[in-house]
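Nothing in this text is a laboratory measurement; each read-out follows from the coordinates by a stated rule. This is a predicted model, so every value here is computed, not measured. Ideal geometry is used to build each Cβ from the backbone, glycine not excepted, and the neighbour counts take in all protein chains shown.
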Amino acid sequence: MISTEAKKKTIDFLQSLIGEPTLSNHEVLLQAFVHKSFAMDFVEEIKHNERLEFLWDAVLDTIIAKELFNDFPQYTESKLTLYKISLVREETLSLVATDIGIDKYVFISKGEEKSEWRKKDAILSDTLEAIIGYLFIEWGYDLASTFVLKHIYSYINKIQDLLPVKSYKARVQEFTQQQHKALPIYQQSEHTVEKTGNVLEYKSELIINARKVAEGIAPSKKKAQELAAKAFRENKTKGK
């Protein structure tokens, strides 16, 4: 279980990032920092952050898209999309999470701790997403927006030199069109479902030329597809 001292340190940490208002509903706040592996170490039920991650997709996209639209009236829709992809991709969110110290407060299992999972992009970005989800459901759009603009959108100046950046799905589509004269297919299914019927995770299988080449599992269909595309690209790079 999470010790009283660890709970206090985590709450104080997020409060220091937010400033005002005073954060409440500490149970949900702590849930944002709990990775599924940590929860599985205990017999009694401990809620983890995957349900909170579900909210980030719509919330983060909306905040970033609105700000880009207002800040860059001279840019086309395609260029604005590249900026948004750069800001919300896993690698960028992981850098943000590390910069503001989230890596020190993630609750993961003892096994993952030994394997240095605390430094993994996926875990760090997922925790940051869950925090945004918590801020949104507990305090609404304004506080979530303030947090995103301060800690994530501020990366806009750091990523401009890295553009153009394409999503893994876009890269896979270009590859399949060039190499196979066909489009990739993503087959979706429900991977983890609670007894109540709530879907916690979706699985997306990437199909190219009628053959499964990769899969991704995530709290949203969109993210599961992106992870499947990422896995395929990484396997191609490794020569698999």
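Amide H to amide H, with H built 1.01 Å from N, Leu200 comes under 5 Å of Thr192, Val193, Glu194, counting only residues 5 or more places away or on other chains.
Ranking of Thr127, Thr196, Thr10, Thr146 by neighbouring Cβ atoms within 10 Å, starting from the fewest: Thr196, Thr146, Thr10, Thr127. Peptides 28-39, 61-72 ranked from most to least packed by the mean count of surrounding Cβ atoms within 10 Å: 28-39, 61-72. Hey, what angle do you get for helix 141-151 against the long axis of the chain, alpha-carbon based, 0 to 90 degrees rounded to 10? Helix 141-151 sits at roughly 70 degrees to that axis. Estimated purely from DSSP H runs of n ≥ 4, each contributing -39500 (n - 2.57), the mean residue ellipticity at 222 nm for the chain is -17500 deg cm²/dmol once divided by its residues. If you take all C-alpha pairs in the chain, what percent of them are over 34 Å apart? The share of Cα pairs beyond 34 Å in the chain comes to 18 percent.
Taking 7 Å steps out from each Cα toward its Cβ at Thr81 and Ile137 produces label points 3.1 nm apart. The modelled label-to-label distance for the pair Asn198/Arg211, using points 7 Å beyond Cα in the direction of Cβ, is 4.1 nm.
Computed from Cα positions, the angle between helix 121-139 and the longest principal axis of the chain comes to roughly 60 degrees. Expressed as a rounded percentage, what relative contact order does the stretch 168-237 have, with Cα pairs under 8 Å and six or more residues apart? Normalised by residue count, the contact order of the stretch 168-237 is 27 percent. If you run the Gaussian network model on the chain, springs between alpha carbon atoms under 10 Å, then out of Gly140, Gly19, Gly216 the most flexible one is Gly19. Structure remark: mean-square fluctuation, Gaussian network model of the chain, C-alpha springs under 10 Å; the largest value among Leu200, Leu93, Leu128 belongs to Leu200.
When only alpha carbons of the stretch 165-240 are considered, Rg and Dmax amount to 13.2, 44 Å.
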